[in-house]
1. Where only protein heavy atoms count, and the probe is 1.4 Å, what is the accessible area per residue for the chain in Å²?
2. Accessible area of the chain with a 1.4 Å probe: how many percent of it is carbon plus sulfur?
3. How are the Cα pair distances of region 1-80 distributed, in percent, across 10 Å bins from 0?
4. How far apart, in nm, are two points set 7 Å out from the Cα along the Cα-to-Cβ line at residue 62 and at residue 28?
5. At 0.36 nm per residue, minus the direct Cα-Cα distance, what do residue 48 and residue 104 gain on full extension? Give it in nm, one decimal, please.
6. Across the chain, where is the longest run that never hits trypsin sites (Lys or Arg not before Pro) in a DSSP loop with at most 14 other C-beta atoms within 10 Å?
7. What is the set of long-range amide H partners of residue 55 at a cut-off below 5 Å, with H atoms built 1.01 Å from backbone N?
8. Using DSSP to define loop residues, name the GluC sites (Glu not before Pro) in region 1-76 whose beta-carbon has at most 14 other beta-carbon atoms within 10 Å.
Amino acid sequence: SSKTFWTTTGMFPQELIIGFPKCVKISKVAIQCYLVRTLRIERSTSKDPVGFEQCIEKDLQHREGQLQREEFPLPEFQATYLRFIIKSAYDHFVSVHRVIAEGT
């Protein structure tokens, strides 16, 4: 829902893990967030959310008063879980409003 969001507790790093019902192929990940400075995305193909490996890490541009919209086209890979690690921020609290994973 565009009316809901996830917010941090004020210390970093912070993690958000998204699980899929089965292993899927992902070709692009997009995120809408606010005040995130450094974001790392990791994946796991395990049955449980363990054994993550890094896919991408990026410093996001600050947009005062606006959501940050970032797309990460990735070489197609498989994942059962995606872990989003907010390593640092432009303020004490940040929010994640939407995460989209495209693929099959």
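1. Numbers: 6330 Å² over 104 residues.
That works out to 61 Å² for each residue.
2. 49
3. Over region 1-80, the share of Cα pairs per 10 Å bin runs 14, 46, 34, 6 percent.
4. 2.9
5. Details: separation 56, 0.36 × 56 = 20.16 nm, distance 2.02 nm.
Between residue 48 and residue 104, full extension yields 18.1 nm more.
6. Counting only loop sites that pass the neighbour cut-off, the longest clear stretch is 4-46.
7. Correct list: 41, 42, 43.
8. On the way: sites: 15, 42, 53, 57, 64, 70, 71, 76; in loops: 64.
Here the GluC sites (Glu not before Pro) that fit, given the DSSP loop and packing criteria, are 64.
The values are calculated or read from the model by the stated rules, or taken from the named source; none is laboratory data. This one's a predicted model, so the numbers in the text were calculated from it and none came from an experiment. Quick reminder, even Gly has a Cβ in these numbers, built from the backbone with ideal geometry, and neighbours come from all protein chains shown. The accessibility values were calculated without ligands, DNA or RNA, using every heavy atom of the protein model including side chains. Shrake-Rupley method; radii C 1.70, N 1.55, O 1.52, S 1.80 Å.
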